[in-house]
Amino acid sequence: SRMRRLGMMLSSCCSQSHLALVDVKGFDPSDVCVVVKDGKVSVSAEHTEEHNTALGKTCTHRKFIKEFSLPPGVDDDEVTYSV
């Protein structure tokens, strides 16, 4: 279950002093971009799908952006992340 996986992630990161989880459900890992700069973490994802239907072509575009500040005393180079 999702909560069980989250619990395993949290317990595997117990040596870390801070942890942030960002839900990017619906995006492929290749769609996700993480940038750590100037004391901020920016997580963004963008995906476009085109479909041909009997009535013509449809296009779906989704975009996600989440930005937050690092806690005081955390250096940009100390931040690690995984998707």
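Every read-out reported here was derived from the displayed coordinates using simple, explicitly stated rules and does not represent laboratory data. What you see is a predicted model; the values in this text were computed from it and never measured. Reconstructed Cβ throughout: ideal geometry from the backbone, glycine too, with neighbour counts over all protein chains shown.
Each label point was placed 7 Å from the Cα along the Cα-to-Cβ direction; for residue 69 and residue 33 their separation is 2.4 nm. Counting only Cβ charges, +1 for Lys and Arg and -1 for Asp and Glu, the dipole size of the range 29-78 around its Cα centre is about 380 debye.
Relative contact order of the range 29-78: 37 percent, from C-alpha pairs under 8 Å at least 6 residues apart in sequence.
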